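Student: One structure is given below, represented as structure tokens, and several questions about it will come after.
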Amino acid sequence: MRIDRKKGLIIAGGIVALFIIAVIVSALLFDINSYKSKVETAASGATGMDVRINGKMGLSFFPFGISADDIHVAAKGGEVLFLERLKIGAELMSLLRKQLRITGCELVKPAITIVKDAEGRYNFENTEKKSTEKAQGTAFSLNELKLSKGCVVYTNKKTGEKTELKEINLTIKDILIMDTQRDIIKNISFTGNIDCEELLKKDLKIDNIKSSIKTEKGIFFLKPLTMNIFGAKGEGNITVDKTRTDAEYKINLNISKLDFQKLQESFGAKKLISGKGNLTASLTVKENRGRNLLNGMDGTLFLQGNNLVTHTIDLDKALSTFETSQKFNLVDVGAFFIAGPLGSAALKGYHYGDVYYQSQGGQGTITQFISNWKIRSGVADARDCAFATHRNRVALKGKLNLITKRYDNVTVALLDNKGCAKFKQSISGPFGSPKVGTVSTVESLAAPILNIVKQTKRFVQAGKCEVFYSGSVQQPR
């Protein structure tokens, strides 16, 4: 009886082996490339874009899967996606039953090009009208999706801004779409990890971005999120809520020991301040089609630093002789604040105080620096903005309207030991052509140095002491 059982096992094993050999032989004889045009047609119909496979298609066995090389996906606005290789894993047994059960997918070296035109339309959007009837779709699941060595280029033609992400690697698992006919973003869930070697946007450069990622029914969580930015390590989290009509983004970021020089370089400015500091950002942005994204921005920005070195100017020397010489606008000095977290918006195209600073030479120290802003509906309010040198203290008040790009009653003051203004000067109007006092343009910002001795009415000497500043920067002894 034991012999019969042994023979039975051998026979069964032989049958299984013959079956596997038959499958392999059939697969080897099967020319999957003969179905290329049908695959292209099906993919084009499903995406609404033109899908072309210029390379070969192939089969693999351990594990079983299908691959395709040199894939191009284009819309009316040009190519949207290039794939060096696409790998799809499938269950062999279900395929033999003429059913396709996909278990995994890998995109190798994808290059994604996203363009937003002046009217706000994206290059991948299908302009054809779709049926408004909401059909009940089927659920879709995938064990794993990988993206390796990818890149994304986003261009906004209205603003001319370009953003590039390089060397992106993404792995997400347990993907489930509850209804494929409805809004996929609101019906998908998965967990995974993402990393990006480099993000470039004009002069801003962020390296080594890494995060865990999780989504549940339209809410995406990137936590914990780390990156290298401004010569330091940033840590935080991002939450994206796509369940609402207007998407909402919550961003929390802390950067310790950032390099002030790197911060200035990200604004396209030259080296004026060097040293280390800390930056904290807590922002909520609500998206609304047709409106400036800044309209829906609320939150706080806080930049702080101690013992910073000022290059090309000794501020103590300049401020100590200010009353008699007055060879520069006081708002130039205030630009040290505006050149904080919001500098790229307010000082676009202007290297704050270059004309005066470069003419002076010398070097000085800012012993304490704070730039604290409260943002509401795209308007930034200076809550605590001041700096101190070894002998002087300067403070700034007012608002920056980031939507209309205007100074709103911004005032810079040279303080006494009580926090009252010894001298103060205001700046208002458009960022590009502001007004300083009764003067129509800020001459020391954009033109040869102005001798302010002839413009003494532009400064207000404090009579009765009215406290201008009572923040955290202390008066030097």
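Student: Could you say which residue among 128, 119, 133 is among the acidic types (Asp, Glu), assigned to a loop (DSSP other than H, G, I, E, B), more than 22 Å from residue 168 (Cα to Cα) and modelled with pLDDT of 75 or more?
Tutor: 119
Residue by residue, here is whether (1) among the charged types (D, E, K, R); (2) closer than 30 Å to residue 387 by Cα; (3) modelled with pLDDT under 85 holds:
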{"residue": "223", "(1), (2), (3)": "yes, no, no"}
{"residue": "231", "(1), (2), (3)": "no, yes, no"}
{"residue": "244", "(1), (2), (3)": "yes, no, yes"}
{"residue": "247", "(1), (2), (3)": "no, no, no"}
{"residue": "255", "(1), (2), (3)": "no, yes, no"}
{"residue": "259", "(1), (2), (3)": "yes, yes, no"}
{"residue": "264", "(1), (2), (3)": "no, yes, yes"}
{"residue": "283", "(1), (2), (3)": "no, yes, no"}
{"residue": "291", "(1), (2), (3)": "yes, no, yes"}
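Student: Quickly run through the stretch 412-448 and pick out the residues that are closer than 23 Å to residue 393 by Cα, part of a loop (DSSP other than H, G, I, E, B) and at pLDDT below 85.
Tutor: 437, 442
Student: Then there is this: All but one of (1) within 15 Å of residue 319 (Cα to Cα); (2) touching a helix residue (DSSP H, G or I) at 6+ places or on another chain (Cβ under 9 Å); (3) modelled with pLDDT under 90 hold for residue 405, so report the exception by its number.
Tutor: (1)
Student: Can you tell me which residue among 303, 263, 294 is surrounded by 15 or more Cβ atoms within 10 Å (Cβ to Cβ), part of a strand (DSSP E or B) and not small (Gly, Ala, Ser)?
Tutor: 303
Student: Here's something else I'd like to know. Residue check, residue 188 against (1) assigned by TED's automatic domain parsing to the domain that holds residue 153; (2) modelled with pLDDT under 95; (3) surrounded by fewer than 18 Cβ atoms within 10 Å (Cβ to Cβ), all met but one. Which one?
Tutor: All conditions pass for residue 188, except number (3).
Student: Testing residue 347 on (1) under 19 Å from residue 473 (Cβ atoms); (2) touching a helix residue (DSSP H, G or I) at 6+ places or on another chain (Cβ under 9 Å); (3) of a type in the set (A, V, I, L, M, F, W, C); (4) modelled with pLDDT under 85, one condition comes back false. Which one is that?
Tutor: (1) is the only condition that residue 347 fails.
Student: Restricting the search to the stretch 350-388, which residues are modelled with pLDDT under 90 and either in a helix (DSSP H, G or I) or farther than 30 Å from residue 295 by Cα (or both)?
Tutor: 354, 355, 356, 357, 358, 359, 360, 361, 362, 363, 364
The values are calculated or read from the model by the stated rules, or taken from the named source; none is laboratory data. Every value quoted in this text rests on a predicted model; they were computed, and no experiment measured them. For neighbour counting, all protein chains shown are included, and Cβ atoms are generated from backbone atoms with ideal geometry for every residue, glycine included.
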